[in-house]
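Working notes, structure below.
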Amino acid sequence: MTILAIETSCDETSVAVISRHNSIARIRSNIVASQIAIHAKTGGVVPEVAAREHVGPIIPSIKHALRDASMELSDVDIIAVTVGPGLHTALAVGIETAKTLSYVLNKPLIPVNHVHGHIAANWDGRKPVFPSLALVVSGGHTELIMIKSTNQLRLLGSTRDDAAGECFDKVAQLLHLGYPGGPEISKRAEHGDPKTFDLPRPMLKYKNLDFSFSGLKTSMRYLVENHPLLVEVDNLCASVQRAITDVLVEKTLRTARQYRPKEILLAGGVAANKELRARLARETNKLPWHPTYHQPPLDLCMDNAGMIGLAAAYFPVRSSTRTWRTTDIAPGLSV
Ligand code: KG4
Ligand code: ZN
């Protein structure tokens, strides 16, 4: 079975080819046309600009992905597309393209939840093992999700305000480090001392599994205002990164001890963070029932269509939704 997958939920236009044999799905090609340079000028994504910028690269990306996989449109069995959550106008470009292909080729269309995609980035070329616990951390999400099977997902905790990636991005904006902020903060943090500034670890003292990052952002604002010369940028970056990863790692371990999953999965754009990857790998390794820890390769952390094709291959879909007639944009889709 060959799946052509399309992802346009935010600022990456991405198309991938995925093949599935004997219940194992593998990414054959994965093209990502990034708009980062455009959004860097405004310090964040402007939804209408993102939508417009998807229109140009979408068809060339389809051709490119097929060429890289040595396939033609006629080899495609199923079209998969992100329907949400995401930016309404940006999603519309991918969905209308996918619906048109589905209609013209007379092939089924699978609507994919973007968060399921981030989780499925852990399953390229291997069979998922359940129950698993996923920490999904991106620009729009900070969620702890228990996966009993691919049709039994339970949201155990989420952010009450900003997502972890949003916190990285907003702190980077305060420090004039550009957009997106996560990669730059992480780079600067390598040269800083994380113990320099005593920042809050929001929600750690509460027993619930939720997160909150807006207070941390405010603390950073006060700190930056008190250091007008910004001579300590590296130390500020190291300190905020340590505060964010402390909360993410501790809440994940707490949830894991409560639910004892067989696998622990890291997912989302912030999963590219070196410190988070290293600490979560190290700490989950110490858990007494020895769950397996997985994190996607770096190129599958940020938004990409490969993960959307993997989700289409592994997550079941009701047959009534497998058509271009009923597939629609779902910007606020939840887990
Ligand atoms: O998953 P993603 O590509 O888009 C959303 O679905 O939101 O995640 C983008 C987010 C941005 O907030 C970006 O700053 C963050 O992931 N990010 C990082 C790193 N690389 C990307 N955050 C921390 N460290 C990184 N190395
Ligand atoms: Zn994402």
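Long-range amide H contacts for G268: which residues qualify at under 5 Å (H placed 1.01 Å from N, peptide plane, sequence gap of 5 or more or a different chain)?
V137
Normalised by the residues of the range 132-295, what does the relative contact order come to in percent, with Cα pairs under 8 Å and at least six apart?
27
Restricting to lysine pairs 8 or more places apart or on different chains, what number in the range 132-295 have Cα atoms under 15 Å apart?
So the count works out to 6.
With θ taken as phi - 60° and the coefficients 6.51, -1.76 and 1.60, list the Karplus ³J(HN,Hα) couplings across the range 125-131 in order, rounded to whole Hz; mark glycine and proline as x.
So the Karplus estimates, Gly and Pro as x, are x, 9, 7, x, 10, 10, x Hz.
Given only helices, namely DSSP H runs of n ≥ 4 each adding -39500 (n - 2.57), what is the per-residue ellipticity at 222 nm of the chain, to the nearest 500 deg cm²/dmol?
Helix contribution divided over all residues of the chain: -13000 deg cm²/dmol.
Work through the residues other than I24 whose Cβ is under 11 Å from its Cβ and net out their charges, Lys, Arg +1 and Asp, Glu -1. Show your work: numbers first, answer last.
Working: positive: R20, R26, R126, K127; negative: D124.
Around I24, the charge tally is +3.
Give the peptides 169-179, 305-315 in descending order of average Cβ contacts within 10 Å, highest first.
Descending mean neighbour count gives 305-315, 169-179.
Looking at the chain, identify the longest residue range that excludes and avoids all GluC sites (Glu not before Pro) in DSSP loops having at most 14 other Cβ atoms within 10 Å.
The answer is 191-335.
Residue by residue, what Karplus-based ³J(HN,Hα) values in Hz, rounded to whole numbers, does the range 161-175 have, using 6.51, -1.76 and 1.60 with θ = phi - 60° and x for Gly and Pro?
Here the 3J(HN,Hα) series is 9, 7, 7, 4, x, 5, 5, 4, 5, 6, 5, 4, 5, 4, 8 Hz.
Give me the one-decimal nm value for the distance between modelled label points at R282 and V104, 7 Å along each residue's Cα-to-Cβ direction.
Reported label-point gap for R282 and V104 is 5.2 nm.
For the chain, what does the equivalent ellipsoid look like in terms of its semi-axes, each the square root of 5 times an eigenvalue of the Cα gyration tensor, given largest first in whole Å? The partial results should precede the final answer.
Details: eigenvalues 231, 113, 51 Å².
Largest first, the chain gives 34, 24, 16 Å.
Tally the DSSP beta bridges in the range 132-295 and give the antiparallel ones as a percent, rounded to 5.
55
Through the Karplus equation 6.51 cos²θ - 1.76 cosθ + 1.60, θ set to phi - 60°, convert the phi angles of the range 309-318 into ³J(HN,Hα) values in whole Hz; use x for Gly and Pro.
Couplings: x, 5, 5, 4, 6, 9, 8, x, 10, 5 Hz.
Rounded to the nearest 5, what % of the DSSP beta bridges within the chain are antiparallel ones? Walk me through the intermediate numbers first.
On the way: 28 of 46 bridges.
Beta bridges within the chain, antiparallel portion: roughly 60 percent.
Applying 1/(1 + (r/R0)^6) with R0 = 25 Å to the Cβ-Cβ distance of S214 and S34, what FRET efficiency is obtained, to the nearest 0.05?
Result of the calculation: an efficiency of 0.35.
In nm, to one decimal, how far is the Y259 label point from the F130 one, both placed 7 Å along Cα→Cβ?
Distance between label points: 1.2 nm.
Using packing as a proxy for protection, rank 56-67, 235-246, 292-303 so that the peptide with the highest average count of other Cβ atoms within 10 Å comes first.
235-246, 292-303, 56-67
Could you list which residues have their amide H under 5 Å from that of A80, counting only those 5 or more apart in sequence or on another chain, with H placed in the peptide plane?
Hits under the 5 Å cutoff: L4, A5, I6, I110.
Considering amide H positions built from the backbone, and no H for Pro or chain starts, which residues 5 or more places from L333, or on another chain, come under 5 Å of its amide H?
G86
Every number here is computed from the coordinates shown, using simple stated rules; none is lab data. In this text the structure is predicted, and so the values were computed from the model without any measurement. Positions of Cβ are generated from backbone atoms using ideal geometry, with glycine treated the same way; all protein chains shown enter the neighbour counts.
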